[in-house]
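Enquirer: Take this structure first; my questions come after.
The values are calculated or read from the model by the stated rules, or taken from the named source; none is laboratory data. A quick note: this is a predicted structure, and the numbers were derived from the prediction, not measured. Here Cβ is always computed from backbone atoms with ideal geometry, including for glycine, and neighbour counts include all displayed protein chains.
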Amino acid sequence: MRMIAAGLAATGSVLADGDGLGHMGGWGWGMAIFGWLFMTMVVGLVAWLIWSTTRRAEPEGRIVNRAVELLDQRYARGELDRDQYLEQTADLER
């Protein structure tokens, strides 16, 4: 019985530590945590780059939308006739 237990223990340690250096080169959980933090930073960097590059195009769109809103209001108040309104909105949408 002792031989079986010793054999199982030896087999288990060989399977868990085939090269004899220890799990993950002796770093164990430290390497696992470092790997997780590194991947989180990489994903965060990619997300930030995407967000920062798409954010720059937004203000121009907002300005055009705000200008069209003002033209809509002026047209509704009768300050612009139909031709002026259509011409100015076409100019903004180019």
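Enquirer: Can you list residue pairs whose Cβ atoms sit under 9 Å apart, with the first residue in the stretch 26-55 being part of a helix (DSSP H, G or I) and the second being surrounded by fewer than 10 Cβ atoms within 10 Å (Cβ to Cβ) and not hydrophobic (A, V, I, L, M, F, W, C)? Count only pairs 6 or more apart in sequence or on different chains.
Expert: Pairs that qualify, where the first residue is part of a helix (DSSP H, G or I) and the partner is surrounded by fewer than 10 Cβ atoms within 10 Å (Cβ to Cβ) and not hydrophobic (A, V, I, L, M, F, W, C), are M31/G25.
Enquirer: A further question on this structure: Give me the residue from the stretch 56-85 that is among the basic types (K, R) and part of a helix (DSSP H, G or I) and, out of that set, modelled with the lowest pLDDT. Give the derivation first.
Expert: First, the residues of the stretch 56-85 that are among the basic types (K, R): 56, 62, 66, 74, 77, 82.
With the extra rule that they be part of a helix (DSSP H, G or I), the set shrinks to 62, 66, 74, 77, 82.
Details: R62: 66, R66: 83, R74: 93, R77: 93, R82: 92.
Ranking the qualifying residues of the stretch 56-85, first place goes to R62.
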